[in-house]
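K.L.:
Dropping a structure here in structure tokens format, bear with me for questions.
The values are calculated or read from the model by the stated rules, or taken from the named source; none is laboratory data. Predicted model, so just to flag it, every value in this text is computed and none were measured. Glycine gets a Cβ as well: all are built from the backbone with ideal geometry, and neighbour counts include every protein chain shown.
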Amino acid sequence: MTGTAQPLVRMRMLLASTMVLMAAEWSESMVVQASCVGPELQLLWSYPESGAEQVPTNVTFWAVTSLWSSTPAATLDGAPVDMQSAPSFSGVYLTPQSLAPDSEHTLVLDYSRSPNIPRSSEPSRFEIKFTTGAGPVEGAVSEPEVSGSARVVTDFVSHDCADVIAAQDCFDTGQDALLSLHVEQMQADVTLGWLLRTRYEGSSAIWPARCGAPSVYTHRQESLCFQVQRIGPGGRLSKAVEHCSQPTADMPAAGHGGSASGGTGGRASVVGRAGAPAEAPAASAGCSTVSGARTAARAFWAIVVIALLLAHSQRQRRRRPRGITPSRRFRI
């Protein structure tokens with residue numbers, strides 16, 4: 001009985017090990033493997049910008065860098081302040097401050113201790129010098145009016161703000177479309193930028209107004225619901241307005257996109273206003289994914305190994321002498 005049980009124990013351990021290996025391989029195939037190389041650290045946009053004048057004394061600071069998921073150490077006029085991570089991969093903000101009027105101030109963002117800096121030799125410290133005006137800005141920031149959205153299947157390398165788009169995510173899950181919101185121009189209020197919030201940081205964004213229609217790089221067939229807020233005078237936020245973008249069947253784009261930066265001849269899906277132009281230009285994602293063929297091959301060979309093990313186990317059980325019943329403890 002002991003001689004028969006030992007092969008069964010070994011078989012059981014081998015089978016368990018194979019199942020664990022298969023589970024590991026399967027879970028690995030389900031997780032996209034990023035091979036993104038982070039770009040050189042740059043300050044892509046800030047409010048206020050360095051050299052700005054007549055900044056309200058109740059200013060809220062905003063900054064977007066090329067560095068993913070990093071919050072800098074910061075000082076304001078030499079005193080430490082706590083920058084907060086915005087709901088995006090590369091944005092930070094500082095809650096409203098009360099500054100002296102008609103005076104010079106300096107905000108320093110220091111990323112030198114960030115673990116995500118690709119090369120330690122790169123500049124990692126930014127100084128933003130500005131001058132305040134006579135006092136605070138008053139009144140509420142007007143809510144945005146979102147009338148629809150446009151989705152263009154393309155990359156984004158020709159976009160005027162390609163670096164801002166590239167800072168949104170690693171794009172290692174097959175993103176292939178630029179989704180832009182149609183927002184109405186506000187006549188009485190200054191728009192400095194936009195805050196787009198979704199449940200996933202990679203589809204959330206801080207978007208400078210100089211870049212045109214607020215946009216995110218996403219999948220062509222993905223529904224997204226945004227909480228859209230305007231960044232108005234003094235860096236203050238408006239109330240949030242919800243807009244949901246529904247995927248539609250791809251259709252040929254009529255010539256170039258309608259954005260200021262010029263579009264590409266990609267395919268466009270438009271959601272919202274009838275006849276709205278495909279406002280979105282383009283981007284490149286320096287990332288790769290685990291291929292479906294590799295995943296299928298792993299699953300196939302794991303199944304083959306298990307089938308062979310089961311067949312071997314059946315042959316072993318048939319070879320036992322009649323009248324000998326193995327202990328239940330060693331049954332497979």
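K.L.:
State all residues of the range 66-82 that are at pLDDT below 95 and buried (at least 17 other Cβ atoms within 10 Å of the Cβ); if no residue qualifies, say none.
P.N.:
SER66, LEU67, TRP68, SER70, PRO72
K.L.:
Of the numbered conditions (1) more than 21 Å from TYR47 (Cβ to Cβ); (2) touching a His at 6+ places or on another chain (Cβ under 8 Å), ILE165 fails exactly one; give the number of that condition.
P.N.:
Result: ILE165 fails condition (1) only.
K.L.:
With the checklist (1) at pLDDT 95 or above; (2) surrounded by 19 or more Cβ atoms within 10 Å (Cβ to Cβ); (3) assigned to a loop (DSSP other than H, G, I, E, B); (4) touching a strand residue (DSSP E or B) at 6+ places or on another chain (Cβ under 7 Å) in hand, flag the one item LEU41 doesn't pass.
P.N.:
Among (1) at pLDDT 95 or above; (2) surrounded by 19 or more Cβ atoms within 10 Å (Cβ to Cβ); (3) assigned to a loop (DSSP other than H, G, I, E, B); (4) touching a strand residue (DSSP E or B) at 6+ places or on another chain (Cβ under 7 Å), the lone unmet condition for LEU41 is (1).
K.L.:
Can you tell me which residue among VAL183, VAL141, VAL190, VAL152 is in contact with a helix residue (DSSP H, G or I) (Cβ under 8 Å, 6 or more places away or on another chain), crowded, with 18+ Cβ neighbours inside 10 Å and either free of Cβ contacts under 8 Å to residues at least 24 places away in the same chain or not aromatic (Phe, Trp, Tyr) (or both)? Let's see the steps before the verdict.
P.N.:
Numbers: VAL183 fails: in contact with a helix residue (DSSP H, G or I) (Cβ under 8 Å, 6 or more places away or on another chain); VAL190 fails: crowded, with 18+ Cβ neighbours inside 10 Å; VAL152 fails: in contact with a helix residue (DSSP H, G or I) (Cβ under 8 Å, 6 or more places away or on another chain).
From the options VAL183, VAL141, VAL190, VAL152, the qualifying one is VAL141.
K.L.:
Of all residues in the range 68-104, which are among the charged types (D, E, K, R) and either over 30 Å from SER203 (Cα atoms) or in contact with a Ser or Thr (Cβ under 6 Å, 6 or more places away or on another chain) (or both)?
P.N.:
Matches in the range 68-104: ASP77, ASP102, GLU104.
K.L.:
Of everything in the range 193-219, what is of a type outside the set (D, E, K, R), modelled with pLDDT under 95, more than 14 Å from ALA167 (Cβ to Cβ) and in a strand (DSSP E or B)? Give them in sequence order.
P.N.:
THR218
K.L.:
Let me ask another. Of the numbered conditions (1) among the aliphatic types (A, V, I, L, M); (2) part of a loop (DSSP other than H, G, I, E, B); (3) within 18 Å of TYR93 (Cα to Cα), VAL190 fails exactly one; give the number of that condition.
P.N.:
It is condition (3) that VAL190 fails.
Here's the yes/no breakdown for (1) touching a Leu at 6+ places or on another chain (Cβ under 7 Å); (2) among the hydrophobic types (A, V, I, L, M, F, W, C):
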{"site": "MET83", "(1), (2)": "yes, yes"}
{"site": "LEU94", "(1), (2)": "no, yes"}
{"site": "LEU107", "(1), (2)": "yes, yes"}
{"site": "TYR111", "(1), (2)": "yes, no"}
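K.L.:
Take the range 99-149 and flag every residue that is part of a strand (DSSP E or B), within 23 Å of the chain's Cα centre (by Cα) and β-branched (Val, Ile, Thr).
P.N.:
VAL146
K.L.:
Further question: Would you mention how many residues in the range 51-76 are within 16 Å of ARG125 (Cβ to Cβ), in a loop (DSSP other than H, G, I, E, B) and not hydrophobic (A, V, I, L, M, F, W, C)?
P.N.:
4
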